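Below is one structure, written out as structure tokens; the observations come after it.
The values are calculated or read from the model by the stated rules, or taken from the named source; none is laboratory data. Just so you know, these numbers come straight off a predicted model, no measurement behind them. Because the Cβ atoms are built from the backbone with ideal geometry, glycine has one as well, and the counts that use them run over all protein chains shown. The area values use the complete protein model at the heavy-atom level, side chains included, leaving out ligands, DNA and RNA. Shrake-Rupley method; radii C 1.70, N 1.55, O 1.52, S 1.80 Å.
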Amino acid sequence: MVNSPLTILTYPRWIRYGFYINQEFIEKLLKGGIPAFDKYCHYSDPNLKKLEEENYQGSFYGIGLTLGQGKFKGEIVLMAMSVTDGSPAARAGIQSGDYIVAIASDGVTENAVLTDDLSIQSATQLIRGEKNKKVFLKVARKDELLEFLITRDEIKIEALEGRLAAPKVGY
């Protein structure tokens, strides 16, 4: 490649002078840059890609909780959107609408991470894990704080859920 004045000016300074570029920098560049080029594309880091693949395999090890975001006392926080029937979370007493305050992926209360700055994907990574290992959750329900120590188990993902509301009328 010829180093014409135009070519040199189009490359950022850190590339021209050979500065070291680490993996974190490249991931941030990809996360911000890909959507700018094509709104139908996104960048998935390797950990999130693993979560996506688990969702398509039909089962994973976790507690049977679908996370989302909700408003609690004026703040946007992690919330239990749904609890799978018969799952470890349902047996422990977690309910849809509970707000997840803290998570300890190793089951040790003292190691719990507050969910204030956690994304849904990061929280999901903490909750999923090895079968028969415990996960600790601190949950806000109305005006009380509840603590749960839940043992992970296999969660089967149903491809389609439906019911008959009346003869020949299905949902």
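Applying the criteria of a DSSP loop state and at most 16 other Cβ atoms within 10 Å to the trypsin sites (Lys or Arg not before Pro) of the range 78-171 yields LYS131, LYS133, LYS142, ARG163, LYS168. The GluC sites (Glu not before Pro) found in the range 99-171 that occupy coil by DSSP, while having at most 14 further C-beta atoms within 10 Å, are GLU130, GLU158, GLU161.
By its C-alpha gyration tensor, with a ≥ b ≥ c as the square roots of the eigenvalues, how is the range 96-171 shaped: rounded for a/c under 1.5, else prolate for a/b larger than b/c, else oblate? It is prolate, given that a/c is not under 1.5 and a/b is the larger ratio.
From the cross-link list LYS49/LYS142; LYS50/LYS134; LYS50/LYS142; LYS73/LYS131, which pairs have alpha carbons spaced over 29 Å apart? Among LYS49/LYS142; LYS50/LYS134; LYS50/LYS142; LYS73/LYS131, the Cα-Cα distance tops 29 Å for LYS49/LYS142; LYS50/LYS142; LYS73/LYS131. Residues THR151, THR115, sorted by accessible area with the largest first, give THR151, THR115 [1.4 Å probe; ligands and nucleic acids excluded].
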